[in-house]
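Data first, discussion second: the structure below is written as structure tokens.
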């Protein structure tokens, strides 16, 4: 049994100095079918999101439980899988392309003044996707974890806080998204492999 009090054993158990929460990217794909209904999105804004997302989460999911009573005891059976929403914090540059793109998307879903949708059903015409990737410390875009959110649409964009007292500060806002489900990405990029075979982990093409 390993000596849990040993600092050397602790350090040796963390491969490649640990995964870093600040090495990530988020890529947004706007609805494919929207243009068929006359709704246009700014593709530059979608590209800029990759650089301007300042904070987010790698989403999880919940397997529900079904409690059944049996002779005074409860037995739990696996239930349905549910997914929460996804929130990201976005830096605002002076073009404001990312924010205005999200606002246009929300306006197309249900206009503020007209109270109507800019395009007809099918529902799929308003859905996009988000890809979240976490990278290795090697600096060569090796993906160590990834997730794709399917059926994404924005349902909340936060106010932007303004104040004359703010100095050395860039505007930020948060966007909250609903999605149908998430799944691990089968990345075409190289991944960290055989991390336990060499000290600090080895990175190979994949």
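The values are calculated or read from the model by the stated rules, or taken from the named source; none is laboratory data. As the structure is a prediction and not an experimental result, all values here were calculated from the model. So basically every Cβ, Gly included, is an ideal-geometry build from the backbone, and we count neighbours across all protein chains shown.
Is at least one residue of segment 131-139 part of a strand (DSSP E or B), more than 30 Å from residue 168 (Cβ to Cβ) and either under 18 Å from the mean Cα position of the chain (by Cα) or modelled with pLDDT of 90 or more (or both)?
Scanning segment 131-139, I find at least one residue that is part of a strand (DSSP E or B), more than 30 Å from residue 168 (Cβ to Cβ) and either under 18 Å from the mean Cα position of the chain (by Cα) or modelled with pLDDT of 90 or more (or both), so the answer is yes.
What number of residues within segment 88-103 satisfy the criterion of being out of contact with any strand residue (DSSP E or B) (no Cβ under 6 Å at 6 or more places or on another chain), over 13 Å from residue 157 (Cβ atoms) and surrounded by 15 or more Cβ atoms within 10 Å (Cβ to Cβ)?
Here the count works out to 1.
So if I check each of 206, 200, which one is touching a helix residue (DSSP H, G or I) at 6+ places or on another chain (Cβ under 6 Å), exposed (fewer than 14 other Cβ atoms within 10 Å of the Cβ) and at pLDDT below 75?
200
Under 7 Å between Cβ atoms, at least 6 apart or on separate chains: pull out the pairs that start in segment 9-24 with a residue that is farther than 30 Å from residue 50 by Cα and end on any residue that is modelled with pLDDT under 85.
The qualifying pairs are 9/2; 9/3.
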